[in-house]
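Following: one structure in structure tokens, then a few remarks.
The values are calculated or read from the model by the stated rules, or taken from the named source; none is laboratory data. Worth saying up front: this structure is predicted, and the values here are computed from it rather than measured. No Cβ is skipped: glycine too gets one built from the backbone with ideal geometry, and neighbour counts run over all protein chains shown. Accessible surface is based on the protein model in full, side chains and every heavy atom, while ligands, DNA and RNA are left aside. Shrake-Rupley method; radii C 1.70, N 1.55, O 1.52, S 1.80 Å.
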Amino acid sequence: MTLSRRNLLRMTAGGIMLAPLAGACSGVIPSGGANAETESSAGGLSRSAARLPAPFTVPLPVPPVLQPVRTDAGTDYYEITQRLGESEILPGLKTQVWGYDGIFPGPTIESRRDRKIVVRHRNALDVPVVVHLHGGRTPPEHDGYPTDLVEPGTARDYVYPHAQPAATLWYHDHRMDFTGPQVYKGLAGFHLIRDDEEDALPLPKGEREVPLMITDRSFAADGSFAYPAADPTLRQPGVTSDFVSGVLGDCILVNGAPWPALEVTNTRYRFRILNASNARRYRLALDPAPPQGPAFVQIGSDQGLLAAPVQHDRLQVAQAERFDVVIDFSAYRVGQQVTLVNELGTGGTASVMRFVVARTATEDSRIPAKLADVEPLSISEAATERTFTFARNGAQHHGMTPWTVNGEVFSPEHLWAEPALGTVERWTLRAQNVSHPIHIHLAPFQVQDGNRYASGWKDTVDLASGDQVTVLIRFDGYRGKYVFHCHNLEHEDMAMMANFQVR
Ligand code: C2O
Ligand code: CU
């Protein structure tokens, strides 16, 4: 997008979004249903009809950690019921959520490298569901293939061997054609993997290690989530025409709370930042910036710890990406308020949450110069090269021009790649029409563009419109069929997904 067009969009948005935090009308910033970018994200902006709270008035919730129902020598067993729940997200109003155990975000699963767990998911909702552990190195039958439905009234055991290093993963719904609405209604939670190497590092721990799930939502006047589904009963897929590029909300939630506030001590904190939004990308910064030192020291990426810490003043976080960062609040005075802002937002979406440096405390953490062993892949290892273009084109699908991979809509039968187990491939990913964050199941990759990402293993890469990026992917773990797709959930639901089969 050119600068002038971006400014124009900002002005338009600013003009329409009067008093964005206390809005009482509802509407859409029209995207014309075409290939729209709003606030540097693909999508149309839906405005809440409900009155939104003043920012930084609600405390930051932290999702509860799920306890196993049973444990034996080799395995921990968990149970989750997917059901309706009620939550007071906006003060004074009730929001119905579709939640893991009825809550949004769902309970956090904390597991350990190489320790197998089994999660029994019961579906007490009245639509089919699918559970995907995003970033998991998971056998194909437990990966949440989009058509492996858990029908209402039934249950399914998902087995996770966890043969992978410590990392911030998350689990979310992956039902074919309906992932967007089902995640929007609340089906998302953290799933952390820990290991001995990470435990041995002197990083902030306990209360000073906080997961932050950032999402944007819009609310109807009664407080319900306002997802613009073409069929609100979710029997027919799709969204109304203004939102075919993606659904953007005007209320930013962190761990399910609107623009929350967190009291911190003047010490280092570790934040596991996840963008679990359907379509919104964020560029996070601190306001005020610390008088000295970087705003963020990144220690980890999607798939775990980096080799060494990397300093950033801002973090661009696309949907499904994770940034594991340390913020050092000793750079601020006690009493100071520090806002986590979104430089891509306007009005209400320009802020995310607030930290209040409430008191002094003893510092007991450090960021070591070396974090983990990360073996860099080299292009010479790549056995095969492939190119995938993500665009909106082709014949009508569910009554609209679909989002496609190499010009094709998703078909569960078609295999785009058949990498051999244990090999590395070089894929060039290209984004057209709008931005597309691309996620590959099972196989972690390294992005061959050192300026955009700190070295480290990723599972999702953010592509701006017109971008192309090369990734080196290691296919190991399991043989079988997996998907890769755009993680703009509306694009994914409207067919921007494809298969590879590890053989
Ligand atoms: Cu986070 Cu296939 O998804
Ligand atoms: Cu996309």
Requested in this report: Look at Gly466 and say whether it is surrounded by fewer than 24 Cβ atoms within 10 Å (Cβ to Cβ), within 16 Å of ligand 2 (Cβ to nearest atom) and at pLDDT below 95.
Outcome: yes
Query raised in the report: Hey, any hits in region 158-177 for a residue that's within 16 Å of ligand 2 (Cβ to nearest atom), touching a residue at least 60 places away in the same chain (Cβ under 8 Å), surrounded by 24 or more Cβ atoms within 10 Å (Cβ to Cβ) and more than 13 Å from Glu110 (Cα to Cα)?
Result: no
Report summary line: Every listed condition ((1) outside any strand (DSSP E or B); (2) closer than 30 Å to Pro53 by Cα; (3) more than 16 Å from the chain's Cα centre (by Cα)) holds for Gly180 save (3)
Query raised in the report: Which of the residues spanning region 221-259 are of a type in the set (Ser, Thr, Tyr), open to solvent by 30 Å² or more (accessible area, probe 1.4 Å) and part of a loop (DSSP other than H, G, I, E, B)?
Result: Ser224, Tyr227, Thr233, Thr240
Query - Number of positions in region 136-157 that are part of a loop (DSSP other than H, G, I, E, B) and either under 22 Å from the mean Cα position of the chain (by Cα) or buried (at least 16 other Cβ atoms within 10 Å of the Cβ) (or both) - result: 11
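Part of a strand (DSSP E or B) and under 27 Å from Gly44 (Cβ atoms): is that true of Ala307 in this structure? Don't jump to the end; show me each part of the working.
Values: part of a strand (DSSP E or B): yes; under 27 Å from Gly44 (Cβ atoms): no.
Considered against the rule, which asks whether it is part of a strand (DSSP E or B) and under 27 Å from Gly44 (Cβ atoms), Ala307 comes out as no.
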**Report entry** Matching residues in region 397-455 - criterion: being within 13 Å of ligand 2 (Cβ to nearest atom), polar (S, T, N, Q) and assigned to a loop (DSSP other than H, G, I, E, B)
**Finding:** Gln432, Asn433, Ser435
Query raised in the report: Pairs, please: C-beta under 8 Å, at least 6 apart or cross-chain, first residue under 16 Å from Val62 (Cβ atoms) and in region 180-198, second open to solvent by less than 10 Å² (accessible area, probe 1.4 Å) and of a type in the set (D, E, K, R)?
Result: Ala188/Asp173; Phe190/Arg272; Leu192/Arg272
Query raised in the report: Mind checking whether some residue in region 469-480 is near ligand 2 (Cβ under 10 Å from one of its atoms), touching a residue at least 12 places away in the same chain (Cβ under 8 Å) and not in a strand (DSSP E or B)?
Result: no
